[in-house]
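Below: one structure, written as structure tokens.
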Amino acid sequence: MTIQTIDNGFLNSFPSVDEELLKTFPPVIRAVVKALGFARARDFLETHGGVNVHLPQFKSHALGLADDELARLRHTLAGHIDAAGRLWLPKPDKLFIMVRNTQIRHDKKHLSINKLARLNNLSSRHILNICRETDERQFDLF
């Protein structure tokens, strides 16, 4: 399912992204994920995250975006772009780790610990720590 909008006289289709997932992200990353979709946003932010990025009004090969992706990105990030067309994109590492951990907890019911470790390039001990509901090493101070 895609959301259809008309922008600058041509039809753009926004990728379908889970609204609950979008609520967990900060505003800039939320806008990027909404414009590009989760997988494409992850690749884009891994490449361009952590620095100031200039978003041109017209297609640029430097960012590796298609015309429609660039238009959707400029539309969703309009409130975050300065007068010169620049914005700071945060590094997405911690945010995508939260999504990965949620997926691991969900898949634990169907897959073995060793299979999850191989699929995610993690150790089995790390998978066990992720699957633990609460951190038993940290006591509640209040």
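The values are calculated or read from the model by the stated rules, or taken from the named source; none is laboratory data. Just so it is clear, the structure is predicted and the values come from calculations on it, not from any experiment. Here the Cβ positions follow ideal geometry from the backbone for every residue, glycine too, while neighbour counts run over all protein chains shown.
Given the residues Glu20, Glu46, which is the only one that is assigned to a helix (DSSP H, G or I), touching a Pro at 6+ places or on another chain (Cβ under 8 Å) and surrounded by fewer than 17 Cβ atoms within 10 Å (Cβ to Cβ)? Only one candidate qualifies: Glu46. Figure legend. Inter-residue proximity from the range 120-138: first residues assigned by TED's automatic domain parsing to the domain that holds Thr102, second residues at pLDDT below 55, beta-carbon distance below 6 Å, spacing 6+ or different chains. No pairs are indicated.
Of Thr47, Thr102, all but one fail to be without any contact (Cβ under 8 Å) to a residue 12 or more places away in the chain, at negative phi and within 17 Å of the chain's Cα centre (by Cα); the exception is Thr102.
Counting only residues that are β-branched (Val, Ile, Thr) and within 15 Å of Phe38 (Cβ to Cβ), the range 95-120 holds 3 of them.
Leu119 meets each of the listed conditions (1) touching a helix residue (DSSP H, G or I) at 6+ places or on another chain (Cβ under 7 Å); (2) modelled with pLDDT of 90 or more apart from (1). In summary, Ala66 fulfils each of the numbered conditions (1) free of Cβ contacts under 8 Å to residues at least 12 places away in the same chain; (2) not assigned by TED's automatic domain parsing to the domain that holds Lys34 with the single exception of condition (2).
Which ones in the range 23-35 are under 20 Å from Thr102 (Cβ atoms) and either surrounded by 16 or more Cβ atoms within 10 Å (Cβ to Cβ) or not assigned by TED's automatic domain parsing to the domain that holds Leu77 (or both)? The answer is Phe25, Ile29, Arg30, Val32, Val33, Lys34.
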